[in-house]
Structures are given as structure tokens and as C-alpha cells.
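Enquirer: Dropping a structure here in C-alpha cells format, bear with me for questions.
The values are calculated or read from the model by the stated rules, or taken from the named source; none is laboratory data. Computed from a prediction, not measured in an experiment: that's the story for all the values here. As a convention, Cβ positions derive from the backbone with ideal geometry for all residues, glycine included, and neighbour counts pool all protein chains shown. Just the protein is used for accessible areas: all its heavy atoms, side chains included, with ligands, DNA and RNA removed. Shrake-Rupley method; radii C 1.70, N 1.55, O 1.52, S 1.80 Å.
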Amino acid sequence: MRGKVRAVRRHLPILTAIALAGTLAACGGGSDEVSSSTVATTTEAPVETTAAPTTAAPTTVAPTTAAPTTAAPTTAAPTTAPPTTAPPTTAPPTTAPPAPPVDTPATFFATTDLGLVEVDVATGEIVNTVDDFFSIDGVFRGNIRLTADRSTIYFSEGYEDSWYACETSVGSIGSIDVATGAIDMLGRGSGVEVGPDESLLAYVDSETCLPDPEQPEFWVLTPYDRAVVRDVATGDEFVFETSPVPDSYDSPSAVWWADIAPDGSVLVQLQSGDVHRIPLSAAGGTIQDWPVAFTTQATPWEVVGDDLIATLFGAEGSSDLMSIDTQTGANTLLASAETYMAVGVGNAGQLIAVADGEITVEPDAAVTVVDFPIDSYYYDLDW
């Protein structure tokens, strides 16, 4: 099996690539990117391996670096790609972390070796198994997104050996009914996100299919070249294309993530790190025709109000969970770990996290840390 695999995000994302367990992947040959939160070092910009990621119980080790201290910008972020090194360490951010939620769910959902399960936050016990075989031989599902009424979970699907064909390399999105386990596949794409009122879905897709330079007679590359917003009720789609068309997964113009902000605008992150803000009503033109709201190399989880919850993954596998102000680009560090940290975001912005090492939560940051399961592994969370 080929060693290079495009992984499904978390965040496509899910989502950064963490090589702890394998990929939830929609892959293209020769790709080194992740599209989701669920993948091991692998996020997202899009990353890969062919097995799901892994995380484990906290141990207590204080972080060795200071929280970011650079002053928050007061103007739009630069349009050039930011450096890919560790987060800035020269000035405390001015944005505040999300306020502690008034009401937090008693359970969270996770993908594990045992399938898609619902887990009691307080005890760590599995209280419901939604699907015993959520990921099966040759099919990897992750980047789970739970609806507000907790009845439906959207997910991204990738395939082993997907780099042999254009359609399989792109991946698919689908949904699963929590009560019955019934699965509905919705079509091609990856990194699905649910809009604020749940009437719209956002995801990334590709109509680009190129011969892989390594083995052009066998393998293909399908770098994501568009962000898609779909009306759940009608199936109507709004498509936002990038320019120039990416010719590799590392192309600065490759599309990495898309979501819908509370004001109805569409946020699209490119491989360069630029996050463009586009009116949903926009017609014609390209993603780059619209302003850069901010620039970040962090892998997005979800938009909460004016903030983007995202993780910056370090070269050595560390994770810095942060809140990014989508108006100014200012960062607030929320939690950090020396290993891959899986994160779930509740409907009211509640945050839950798990890692196979210590998670250090910043003062006043509303992050619930859960224990790593003894006989399994949490690859992807949602709350």
C-alpha cells in the first residue's frame, strides 16, 4: 500500500495529519495533506495516512512555551502565506476565550475502534453505539458534525487505495441517523460543516484530476479546487472556485476548508493560510476576488459566533487549541498538548478535548478534558 494518503479533515478538515493510527482519508496519489480533524500526523492544509488518528489519557506536564504574545492586528491579515513554524510567542492576544457555557451536554460522540459511539462525559462509559462498523475495510469515516438536536451526524468518507481513480480520490460526504444508524450518502466532497441554522452544508470538492508525477500511469492527484455550499432541503449548490487551479496538494491556491459564518458569509481557507470571506449571494469571480479576513496555518474545527476554534499542530506533533477572531485574526490560546489533541465543539461553543498526553488548559478557558479510553481510541469528537 502506498505510503502517501490524503486524510479526511477535522478538521476534512478533521481534518492536520497525525500518524498515530492511520487515515480517515480521501486520498490523491503523492498527497501529503490532511483534510480533517480525525487524522493522525498525519491537519488539514488537507493531510493523510490510511488509518485513523489516535489520542490518550492526560498525564500532567506543563507546557514549555509561553502563550502567544503578539499584538492582535487591527487590519485585514496579509494575503501571503504565513510561516509554517510554531505559533507566535511575542505578545498576549487581546481576544477573550469563549465564556463558560451555561448548559453542557452530558454525552459526546466519538469515532473509535468500536465504531461510532456516544460517551458519558462524567464516567467515560459508552452509553450508545450508533454504528458498530462506522469505518470498515477500505472505508474510513470521520470529521463528524452533530446537529443541534443531536439527531443527525454528518461525516466525511475516504477510501483506501483511492489514488487510483478521480472519483474515489475526492472522497464523499454523508449523514447517519443517531437513533437508527441509517446512513445516507450525499455525494462527493470532504470536510463537511453544518451552517448555523442547519439549512446549509459547506464542504470542499475537486473537479481537478491530474496524473501523479510519481506514477502517472497508475495514480492521480485531485487537489481541492472549490468550496461548495449546499441547501439541505433543495439540494441547490453555490460553488466558489479557486484561481489558479491547483496542480498539487501543496499549491497555495488549493482549497483547504469552508464553513458558514453566523452572518451568512462563507469563510474559505486556502493552503496558503489565507481565509477569505465571501457573501453567499456572490456570483461569478473566484475565491481570491474577495477580501482576506485573516491568515492562519491552524486547522479549523468550527465557527462559533465571531470566533473560529482551530488547532495549530507543531512539527513535533504538539497541539495548540486556539480561538481566532474572524474579524481581526487575533488569537487566544485555550489549551495545549505535546501530542495530537482531538477536539469537539458543542452547539453553544462548549469545548471538549482528549489526548494521549497531558492537556494544559489556559486560565478561564472553557475546555472540558476527558479521559482516554482504556481499550480503544478516540479519533474524532463532537459535542
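Enquirer: Would you check which residues across the range 121-167 are touching a strand residue (DSSP E or B) at 6+ places or on another chain (Cβ under 6 Å), outside any loop (DSSP other than H, G, I, E, B), open to solvent by 50 Å² or more (accessible area, probe 1.4 Å) and closer than 30 Å to PRO216 by Cα and list them?
Expert: CYS166 - this is the single residue of the range 121-167 that is touching a strand residue (DSSP E or B) at 6+ places or on another chain (Cβ under 6 Å), outside any loop (DSSP other than H, G, I, E, B), open to solvent by 50 Å² or more (accessible area, probe 1.4 Å) and closer than 30 Å to PRO216 by Cα.
Enquirer: Another question, if that's okay. Here are SER206, SER199: which of them is among the hydroxyl-bearing types (Ser, Thr, Tyr), in the same structural domain as GLU241 (by the TED database) and either within 16 Å of the chain's Cα centre (by Cα) or open to solvent by less than 10 Å² (accessible area, probe 1.4 Å) (or both)? Lay out the reasoning, then the answer.
Expert: Values: SER199 fails: either within 16 Å of the chain's Cα centre (by Cα) or open to solvent by less than 10 Å² (accessible area, probe 1.4 Å) (or both).
Result: SER206 is the single residue among SER206, SER199 that is among the hydroxyl-bearing types (Ser, Thr, Tyr), in the same structural domain as GLU241 (by the TED database) and either within 16 Å of the chain's Cα centre (by Cα) or open to solvent by less than 10 Å² (accessible area, probe 1.4 Å) (or both).
Enquirer: Next question, about the same structure. Taking only pairs six or more apart or across chains, which ones have beta-carbon atoms under 6 Å, a first residue in the range 158-179 that is under 19 Å from ALA202 (Cα atoms), and a second residue that is open to solvent by 10 Å² or more (accessible area, probe 1.4 Å) and hydroxyl-bearing (Ser, Thr, Tyr)?
Expert: Filtered contacts from the range 158-179: SER175/THR152; SER175/TYR154.
Enquirer: Okay, next question. If GLY349 meets every condition in (1) over 29 Å from ASP197 (Cα atoms); (2) open to solvent by less than 10 Å² (accessible area, probe 1.4 Å) apart from one, which number is that one?
Expert: (1)
Enquirer: Restricting attention to the range 299-335, report how many residues are touching an Asp or Glu at 6+ places or on another chain (Cβ under 6 Å) and open to solvent by less than 10 Å² (accessible area, probe 1.4 Å).
Expert: 5
Enquirer: Of all residues in the range 140-158, how many are of a type in the set (D, E, K, R) and under 15 Å from the mean Cα position of the chain (by Cα)? Give the steps one after another, and end with the answer.
Expert: Taking the range 140-158 first, the residues of a type in the set (D, E, K, R) are 141, 145, 149-150, 157.
Now restrict to residues that are under 15 Å from the mean Cα position of the chain (by Cα): 141, 145, 157.
Number of matching residues: 3.
Enquirer: Quick check on PHE218: is it farther than 21 Å from ALA293 by Cβ and aromatic (Phe, Trp, Tyr)?
Expert: yes
Enquirer: A further question follows. Is it true that PRO223 is of a type outside the set (A, V, I, L, M, F, W, C), outside any strand (DSSP E or B) and open to solvent by 60 Å² or more (accessible area, probe 1.4 Å)? Full working, then the answer.
Expert: Details: of a type outside the set (A, V, I, L, M, F, W, C): yes; outside any strand (DSSP E or B): yes; open to solvent by 60 Å² or more (accessible area, probe 1.4 Å): no.
Spelling it out, it is not the case that PRO223 is of a type outside the set (A, V, I, L, M, F, W, C), outside any strand (DSSP E or B) and open to solvent by 60 Å² or more (accessible area, probe 1.4 Å).
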